[in-house]
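Take a look at the structure set out below.
The values are calculated or read from the model by the stated rules, or taken from the named source; none is laboratory data. Values in this document were obtained by computation on a predicted structure and should not be read as measured data. Here the Cβ positions follow ideal geometry from the backbone for every residue, glycine too, while neighbour counts run over all protein chains shown.
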Amino acid sequence: MLNAVIFDFDGIIVDTEPLHYQAFQEILAPLGLGYSWQEYLDRYLGFDDRDAFREAFRAGGRPLSDQQLKELMAEKAQAFLTIVSVGVAPYPGVVELIRSISGNLPLGLCSGALRSDIDPILLQLGLTGAFDTLVTADEVAASKPDPESYRLAVQRLQGIFPGQVDPAASIAIEDTPAGIASATGAGLKVLAVTNSYPGERLTGACRVVDSLAGIDLEALRLLP
């Protein structure tokens, strides 16, 4: 029996990766650390902001202090908010799926994005309050593929719904190899969507689909 569903955010609910890329370049290019869209896809996709900045400085052979990292993350967060203020479109079917689950099963969100990136978009989509818990990059020390964020999401749902949430009977909805590794490392099954990677890269998922359009709660209950 399906116990709970936990959604990733970027690449599952909205296609914010090009917007994150734009925000990173606004901050990094003036420092001589900019990179191409293909490099972003190959090297940075799946990183949270903290690890993305660390990797950019490492690749550029430049030191990065904790204070500088904190300042860069704040600048990037502001750049991202400016970019998304014009509106962001959700992936087909995802808003309907979230609304069909909300209130019927424990529902979480587990993202490598900052909470300040996520809240304005959930508000735009009318999904504020839809999730029982949100785990964001602000709250964990290690980003995906480390399972820390999914473990925390499960622990919080277990606290809200005592005795009802077994990770082995719960599903994560993900779009990246790092996300799949994080979720399975925390003991969850994964429904993967080919929004960011081709199906052959999404190994470890119990099912891979091209879109969440047409996927409903009953379809999730039938996953192996």
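A few remarks follow.
- Filtered residue count, the stretch 42-54, keeping only those that are buried (at least 16 other Cβ atoms within 10 Å of the Cβ) and either assigned by TED's automatic domain parsing to the domain that holds VAL140 or under 27 Å from PRO198 (Cβ atoms) (or both): 8
- In the stretch 160-199, residue farthest from ASP15 (Cα to Cα) [restricted to those that are in contact with a Gly (Cβ under 7 Å, 6 or more places away or on another chain) and part of a loop (DSSP other than H, G, I, E, B)]: THR176
- When each of LEU97, LEU69, LEU33 is tested for being surrounded by fewer than 21 Cβ atoms within 10 Å (Cβ to Cβ) and within 29 Å of ARG151 (Cα to Cα), the lone residue that passes is LEU69.
- Residue among SER149, SER170, SER116 that is more than 19 Å from LEU220 (Cβ to Cβ), crowded, with 20+ Cβ neighbours inside 10 Å and in contact with a helix residue (DSSP H, G or I) (Cβ under 8 Å, 6 or more places away or on another chain): SER149
- Which numbered condition ALA142 misses (of (1) touching a helix residue (DSSP H, G or I) at 6+ places or on another chain (Cβ under 8 Å); (2) part of a helix (DSSP H, G or I); (3) at pLDDT below 95): (2)
- LEU223 being part of a helix (DSSP H, G or I) and surrounded by fewer than 19 Cβ atoms within 10 Å (Cβ to Cβ): no
- Condition check for ALA113: in a loop (DSSP other than H, G, I, E, B), closer than 24 Å to ARG54 by Cα and not charged (D, E, K, R): yes
- Restricted to the stretch 1-30, and to residues there that are surrounded by fewer than 18 Cβ atoms within 10 Å (Cβ to Cβ) and of a type in the set (Asp, Glu), the residue that is farthest from PRO90 (Cα to Cα) is GLU26.
- Considering the conditions (1) touching a residue at least 24 places away in the same chain (Cβ under 8 Å); (2) in a helix (DSSP H, G or I), GLY214 is excluded by exactly one of them, (2).
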